[in-house]
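Novice: Just dropping this structure here.
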Amino acid sequence: MKNKNRNAHRPGQDDHHLLSQEQLAQFGITIQHDFPTEQAVIGASLLTSGAFQKVKRYLPKAAFFEEKHQSIYAAMDSLSRRIEHIDLLTVSHELKGMGLLGDTTVKKEGNIIEMKPGAVPLHYLAECTSAVLSDAHLENHCRILYELHMRREAVRQGFRFIQQAQNLHRNIFDVYDDIARHTRIVNPAKVLRLRTMNDVMEAGKNDTPSRRICGNLVKENEVCILFGDAGSGKTILAFQIGDAASRGIPLFHGVEEFVNETEPKLTIYYDFEMQDNELYARYKPAGDAHRFNENYRRSDLNPDFLDLENTDELIMNEILRDVEMHKPGLIIIDNITYISSESQDPAVATKLMKKLCALQRRYPPLTILVIAHTPKRDLSQPVQSRHLAGAKNLDNFAKSVIAISFSRQDPDKRYIKQTKCRNRSDGYQPYDEAHVIDCAIARTNGCLQYDFYGFSNEQAHLVAKDHSEVEAEAIRYAYDERTKNDTSFRDIAKQLKQVYDIDWAHTTISRKLAAYRREIDLGIAHSERVQLGEGQGNSL
């Protein structure tokens with residue numbers, strides 16, 4: 001077909017385009033299509049083994065505007081279904097069997113002879129292959145054709161809806177229902193893709209390995225879940241992870257095991273719990289507010305938003321839009337109930353996790369960290385994935401599940417444990433029950449955060465030790481170390497562990513010494529009052 005006829009409307013296509021180009025021109029509408037791209041996609045499918053499977057994954061036959069391209073697609077699809085090789089010869093043979101190869105003509109009324117619709121000229125397949133420079137951008141070309149197809153479909157549906165709206169015999173509410181049914185966004189990509197195991201191995205070899213963000217605790221290309229008891233400090237740890245990722249620094253300064261192998265990441269913290277003044281109170285050193293990296297951003301609820309009925313879906317749509325627009329390396333969602341108010345419902349939890357996993361796969365090396373809760377549990381028992389609200393369905397889809405629990409040794413201490421770790425790095429022990437992370441929440445440089453203490457066995461945190469016999473002596477020991485030698489609280493904590501087998505956090509020691517100092521001051525004041533009273537009595 002010559003170039004000047006490429007955009008012309010052809011007889012017999014009213015069902016496909018509804019109105020002719022001349023009729024549409026009256027409304028300022030042009031039928032959108034791209035002949036060279038269609039030809040290039042057809043040519044690549046003929047030349048490259050497996051290319052048609054990619055095309056078929058993105059495009060239906062109707063996505064091709066040219067009828068002869070639709071015929072070639074149909075021939076290749078037929079060969080594909082029979083698992084036969086696709087090339088110039090096999091497609092030509094298939095088209096011939098379909099009666100669509102060569103200058104095929106049909107006789108119409110009045111003995112008018114016309115080219116059979118969809119017929120493919122003898123040398124046209126070779127012409128398509130010569131139009132191919134490379135198949136490197138085949139998927140992008142398919143996306144272009146699909147979008148043009150959707151535009152043509154929108155025009156067709158638009159005129160159909162106009163006709164329905166003008167028909168007074170039709171219920172207008174049925175018309176709107178029909179519009180909603182026929183205008184859903186349909187992604188051209190199929191749900192599944194079929195590849196040989198060798199192709200999968202080759203793709204895996206060429207993929208960039210996932211790098212550690214917080215040692216083996218959080219890595220790239222993962223959907224992670226962080227859960228814990230109420231008041232255990234889930235938000236504090238998540239915020240600290242986000243801060244470290246945005247700066248490209250380790251989670252705990254100077255601890256090699258928590259190395260950050262990535263560059264500073266754009267990090268978005270979706271915060272549905274804290275108010276601005278609460279955040280300021282947590283991260284304001286004396287004199288001024290803490291300065292975060294510009295890569296660290298926070299998204300919270302718009303105070304003017306009142307449509308609470310559809311909040312879950314609307315928030316997920318905005319998260320998807322943010323990921324598409326800003327391409328963050330890490331997003332943190334605090335907490336899961338705001339994107340799924342029924343997170344304990346297995347069906348709802350499954351649907352939510354599928355959405356998050358699909359989002360992560362679509363935008364690698366994106367990492368998603370979701371904060372969840374746990375029902376009240378017995379702190380003398382090991383923390384497990386079953387303690388996660390909606391556990392079975394949430395846990396199944398996450399690559400890493402991180403738990404925070406109180407230590408029964410000391411109310412100020414916490415321990416961090418991985419109840420699931422699918423991707424373990426060589427040389428790094430998982431943070432399981434034999435190797436939990438000991439921490440305490442404290443203000444460091446004015447900022448509320450987790451301080452690292454070391455590693456231990458989880459069992460040590462499940463038993464409350466009785467220190468009543470030695471506690472008074474241990475406090476006096478700590479007081480002397482602090483007042484006489486100016487020993488730091490951290491060093492005092494180490495000494496108490498060695499001398500009295502008391503495992504207190506430095507914050508606990510600070511609090512106990514403050515109380516002990518008040519007792520001493522009260523005792524001195526009382527003694528002075530007694531002495532003063534005795535002196536007055538003698539004078540009398």
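Novice: Can you tell which of His149, His182 is modelled with pLDDT of 85 or more, within 16 Å of Pro60 (Cβ to Cβ) and within 38 Å of the chain's Cα centre (by Cα)?
Specialist: Working: His182 fails: modelled with pLDDT of 85 or more.
So the residue among His149, His182 that is modelled with pLDDT of 85 or more, within 16 Å of Pro60 (Cβ to Cβ) and within 38 Å of the chain's Cα centre (by Cα) is His149.
Novice: Every residue in the range 447-483 that is over 31 Å from the mean Cα position of the chain (by Cα) and of a type in the set (Gly, Ala, Ser), please. Working first, answer last.
Specialist: So the first thing to find is which residues in the range 447-483 are over 31 Å from the mean Cα position of the chain (by Cα), and the list is 456-457, 459-483.
Listed by number, the residues that qualify are Ser456, Ala460, Ala464, Ser468, Ala472, Ala474, Ala478.
Novice: Would you point out the residue of the range 453-466, among those that are surrounded by fewer than 14 Cβ atoms within 10 Å (Cβ to Cβ) and touching a residue at least 12 places away in the same chain (Cβ under 8 Å), that is nearest to Glu433 (Cα to Cα)?
Specialist: In the first step, residues of the range 453-466 are kept if they are surrounded by fewer than 14 Cβ atoms within 10 Å (Cβ to Cβ); the result is 454, 457, 459, 463-466.
Narrowing the set further to residues that are touching a residue at least 12 places away in the same chain (Cβ under 8 Å) leaves 454, 457, 459, 463-465.
Values: Gly454: 14, Asn457: 6, Gln459: 8, Val463: 14, Ala464: 17, Lys465: 19 Å.
Filtering first and then ranking leaves Asn457.
Novice: So, one more: What is the one condition in (1) of a type outside the set (S, T, N, Q); (2) in contact with a helix residue (DSSP H, G or I) (Cβ under 8 Å, 6 or more places away or on another chain); (3) within 30 Å of Arg282 (Cβ to Cβ) that Lys494 does not satisfy?
Specialist: (2)
Novice: Name the pairs whose Cβ atoms lie under 6 Å apart, with the first residue in the range 232-254 and on the phi < 0 side of the Ramachandran plot, the second in a helix (DSSP H, G or I) and among the aromatic types (Phe, Trp, Tyr), and 6 or more positions between them or separate chains?
Specialist: Listed pairs, sorted by first residue: Pro250/Phe258; Leu251/Phe258; Phe252/Phe258.
Novice: Tyr280 passes all but one of (1) modelled with pLDDT under 85; (2) outside any loop (DSSP other than H, G, I, E, B); (3) farther than 30 Å from Arg211 by Cα; which number fails?
Specialist: Of (1) modelled with pLDDT under 85; (2) outside any loop (DSSP other than H, G, I, E, B); (3) farther than 30 Å from Arg211 by Cα, only one is false for Tyr280: (1).
Novice: Search the range 362-387 for residues being of a type in the set (A, V, I, L, M) and farther than 20 Å from His435 by Cβ, and hand back the single one that is modelled with the lowest pLDDT. First the steps, then the outcome.
Specialist: Step one: filter the range 362-387 for residues of a type in the set (A, V, I, L, M), giving 366, 368-372, 379, 383.
Add one more test, that the residue is farther than 20 Å from His435 by Cβ, and what stays is 366, 368-372.
Values: Leu366: 94, Ile368: 96, Leu369: 95, Val370: 93, Ile371: 92, Ala372: 88.
The selected residue is Ala372.
Novice: How many of the residues making up the range 367-381 are out of contact with any Lys or Arg (no Cβ under 8 Å at 6 or more places or on another chain) and surrounded by fewer than 18 Cβ atoms within 10 Å (Cβ to Cβ)?
Specialist: The qualifying residues number 5.
Novice: Could you grab me the full set of residues in the range 419-446 that are at pLDDT 80 or above and closer than 29 Å to Phe489 by Cβ?
Specialist: Matches in the range 419-446: Tyr431, Glu433, Ala434, His435, Val436, Ile437, Asp438, Cys439, Ala440, Ile441, Ala442, Arg443.
Novice: Which numbered condition trips up Phe292, out of (1) at pLDDT below 85; (2) assigned to a loop (DSSP other than H, G, I, E, B)?
Specialist: (1)
Novice: Working only within the range 254-280, note down all residues that are in contact with a strand residue (DSSP E or B) (Cβ under 6 Å, 6 or more places away or on another chain) and more than 22 Å from Ala442 (Cα to Cα).
Specialist: Passing the criteria: Glu261, Lys265, Thr267, Ile268, Tyr270.
Novice: If you take the residues in the range 419-446 that are of a type in the set (A, V, I, L, M, F, W, C) and touching a helix residue (DSSP H, G or I) at 6+ places or on another chain (Cβ under 7 Å), which one is farthest from Trp504 (Cα to Cα)?
Specialist: In the first step, residues of the range 419-446 are kept if they are of a type in the set (A, V, I, L, M, F, W, C); the result is 421, 434, 436-437, 439-442.
This time we only want the ones that are touching a helix residue (DSSP H, G or I) at 6+ places or on another chain (Cβ under 7 Å), so: 436, 440-442.
Working: Val436: 17, Ala440: 10, Ile441: 12, Ala442: 13 Å.
In this case the residue turns out to be Val436.
Novice: Take Gly99 and tell me if it is within 27 Å of Met150 (Cα to Cα) and either out of contact with any Phe, Trp or Tyr (no Cβ under 9 Å at 6 or more places or on another chain) or at pLDDT 90 or above (or both). Before you say what the answer is, go through the steps one by one.
Specialist: On the way: within 27 Å of Met150 (Cα to Cα): no; either out of contact with any Phe, Trp or Tyr (no Cβ under 9 Å at 6 or more places or on another chain) or at pLDDT 90 or above (or both): yes.
The answer is no for Gly99.
Novice: Additional query: Looking only at the range 233-253, which residues are part of a loop (DSSP other than H, G, I, E, B) and in contact with a strand residue (DSSP E or B) (Cβ under 8 Å, 6 or more places away or on another chain)? Quick ask: steps written out before the conclusion?
Specialist: Of the range 233-253, the ones part of a loop (DSSP other than H, G, I, E, B) are 233, 248-253.
Gly233, Pro250, Leu251, Phe252, listed by residue number.
Novice: What residue, of Tyr415, Tyr450, is touching a residue at least 60 places away in the same chain (Cβ under 8 Å), touching a helix residue (DSSP H, G or I) at 6+ places or on another chain (Cβ under 9 Å), buried (at least 20 other Cβ atoms within 10 Å of the Cβ) and not aliphatic (A, V, I, L, M)? Talk me through it step by step, then tell me what you get.
Specialist: Values: Tyr415 fails: touching a residue at least 60 places away in the same chain (Cβ under 8 Å).
Only one candidate qualifies: Tyr450.
Novice: List the residue pairs whose Cβ atoms are under 8 Å apart, where the first residue sits in the range 467-494 and is in a helix (DSSP H, G or I), the second is exposed (fewer than 15 other Cβ atoms within 10 Å of the Cβ) and not acidic (Asp, Glu), and the two are 6 or more positions apart or on different chains.
Specialist: Between residues of the range 467-494 that are in a helix (DSSP H, G or I) and residues that are exposed (fewer than 15 other Cβ atoms within 10 Å of the Cβ) and not acidic (Asp, Glu), the close pairs are Ala474/Val499; Tyr477/Val499; Tyr479/Arg517.
Novice: Hey, among Ala40, Ala75, which residue is out of contact with any Asp or Glu (no Cβ under 7 Å at 6 or more places or on another chain), modelled with pLDDT of 90 or more and of a type in the set (A, V, I, L, M)? Before the answer, list the steps.
Specialist: Numbers: Ala75 fails: out of contact with any Asp or Glu (no Cβ under 7 Å at 6 or more places or on another chain).
That would be Ala40, the only listed residue that is out of contact with any Asp or Glu (no Cβ under 7 Å at 6 or more places or on another chain), modelled with pLDDT of 90 or more and of a type in the set (A, V, I, L, M).
The values are calculated or read from the model by the stated rules, or taken from the named source; none is laboratory data. In this text the structure is predicted, and so the values were computed from the model without any measurement. Don't worry about glycine lacking a Cβ; one is built from the backbone with ideal geometry, like all the others, and counts go over all protein chains shown.
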